[in-house]
Amino acid sequence: MDLVISHVYKDFGRGPVLRDVSLTVRQGETVCLMGPSGLGKTTLLRCVAGLERPESGSVTGVPERLGYVFQEDRLCGAFSAVANVRLATGRTLPEPEILRHLEELGLAGSARRPVSQLSGGMRRRVAIARAVCAGPQLLLLDEAFKGLDDQCRRDTVAYIRRHTPGASLLCVTHDPEEAALLGGRCLDLSTL
């Protein structure tokens, strides 16, 4: 099912953040939202996820299974990487499978350590594994690769691609190289 964002308007009381934004993300398509800070890219993802309600317009076609990598890692610091992934998967994904995902992301030796003891780049990869392991039909990525070096970013994008076949991806990035790695359609939010 296509994700359809139609004439979305959002205002937090200081003037509009989103003004008449419309776009369609076809099932299985990757769309990268770009543009200067403050245009409402994160707010648009939050509207798609149902975390914000637009004042007008609509968001339809949001699938039941949604994965979201926020700008912040949003991990439970005292929990291990495995336990943080388990929060999104419940018991549907066996622990050995979670460990395999973390190993693919270069985290095998850190899978059982509290995430508060991991580097920023390692925490980023745990957050990405959590979203991917949830088996999303739509994956929202909000500056998901910040803090990752070039090789790690390439490997992480390849990991996402391997494990989300058929899923739609809606990605916020400021980096044209990230958009090229993801291989999707790029849209400048200022022109929508």
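The values are calculated or read from the model by the stated rules, or taken from the named source; none is laboratory data. On a predicted model such as this, the values are computed, not experimentally measured, just so you know. Cβ sites come from the backbone with ideal geometry, for glycine too, and all protein chains shown count toward neighbours. Note: areas computed on protein heavy atoms with side chains; ligands, DNA, RNA excluded. Shrake-Rupley method; radii C 1.70, N 1.55, O 1.52, S 1.80 Å.
Over the chain, with the other protein chains present, what is the accessible area per residue in square angstrom, probe 1.4 angstrom? Could the numbers behind the result be given before it?
Numbers: 8860 Å² over 192 residues.
Per residue, the chain has an accessible area of 46 Å².
What is the local net charge at residue 132, summed over the other residues whose Cβ is closer than 14 Å to its Cβ (Lys, Arg +1; Asp, Glu -1)?
Values: positive: 65, 86, 100, 124, 125, 130, 161, 162; negative: 97, 103, 104, 155.
Its environment carries a net charge of +4.
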Among 166, 93, 61, the residue whose Cα sits farthest towards the positive end of the charge dipole of the chain (+1 at Cβ of Lys and Arg, -1 at Cβ of Asp and Glu, taken about the Cα centre) is 93
Once both label points are put 7 Å beyond Cα along the C-beta direction, the residue 150-residue 2 separation in nm becomes 3.8
About its Cα centre, segment 139-192 carries a charge dipole, from +1 on Lys and Arg Cβ atoms and -1 on Asp and Glu Cβ atoms, whose size in debye to the nearest 20 is 300
Taking 163, 174, 101 and ranking on accessible area (1.4 Å, protein atoms only), highest first, one gets 174, 163, 101
Mean-square fluctuation maximum in Gaussian network of the chain, Cα pairs under 10 Å, restricted to 38, 121, 61, hits 38
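Where the accessible area of segment 76-135 is counted over protein heavy atoms with a 1.4 Å probe, how much of it, in %, is carbon and sulfur?
Numbers: 1470 of 2620 Å².
Ligands and nucleic acids excluded, carbon and sulfur reach 56 percent.
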